[in-house]
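Here, each number is a calculation from the coordinates, and none is a lab measurement. Note that the coordinates shown come from a computational prediction; the quantities given were computed from them, not determined experimentally. Cβ placement follows ideal geometry from the backbone for every residue including glycine, while neighbour counts extend to all protein chains displayed.
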Amino acid sequence: IETDQSYLFAFGRNDFTVETWIYPTDLSVEQSIMDFREGNVNSTDRGTYFHLDISSDGEIRYKAGSNILSNAGSATLTENNWQHVAVSRFGNISRVFVNGVQVGDDIVDNNNYLFSRFRIGPSTDPSKNYRGYIDETRVLNGRGIYTSDFTAPTLPFSIPQKKELTSL
């Protein structure tokens, strides 16, 4: 899924949460889960946008521009298994979660995330498109709802309010 540019995804320095359920079927290559970047792989000016991807070792990574802000370290994803992944920024601290457990350290994140499009699965680089299934994706602009470990949701997300976007 790919949207047009939208102010829904202009997080600025706001709190935010992005989350989804993934079922990766091939973890042997780097691939994108969610991508808020502009342009394409050859673009030289993407601004400050973030993306959530999986390394070829199965580690989840949170990136701003070309900078890796967080690696999951020893917490790796598994093939052919549903897993909940989330990034939540509250104040100037971003956190990455897999199945409700924080992976990696707190990230000081003062980035001003700009007006952008949103891709779920596709990447700006087609060779890094996601391989597997994605379900129950939610984007909350203005709400960083996860600040510590939590129980991953098992029911569909509720109806969105204000600038929230849910269930793509």
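Before moving on, here are some points about what is shown:
- Sum of side-chain charges, Tyr133 neighbourhood, beta-carbon under 15 Å (Lys, Arg +1; Asp, Glu -1): -3
- Counted by Cβ distance under 14 Å from Val87, the other residues give a net charge of -1, where Lys and Arg count +1 and Asp and Glu count -1.
- In this label model, Asp149 and Asp26 are separated by 3.4 nm, measuring between points 7 Å along each Cα→Cβ vector.
- Local net charge near Thr25, Cβ-Cβ under 9 Å (Lys/Arg +1, Asp/Glu -1): -1
- Cα gyration tensor, segment 86-155 - rounded (a/c under 1.5), prolate or oblate: oblate
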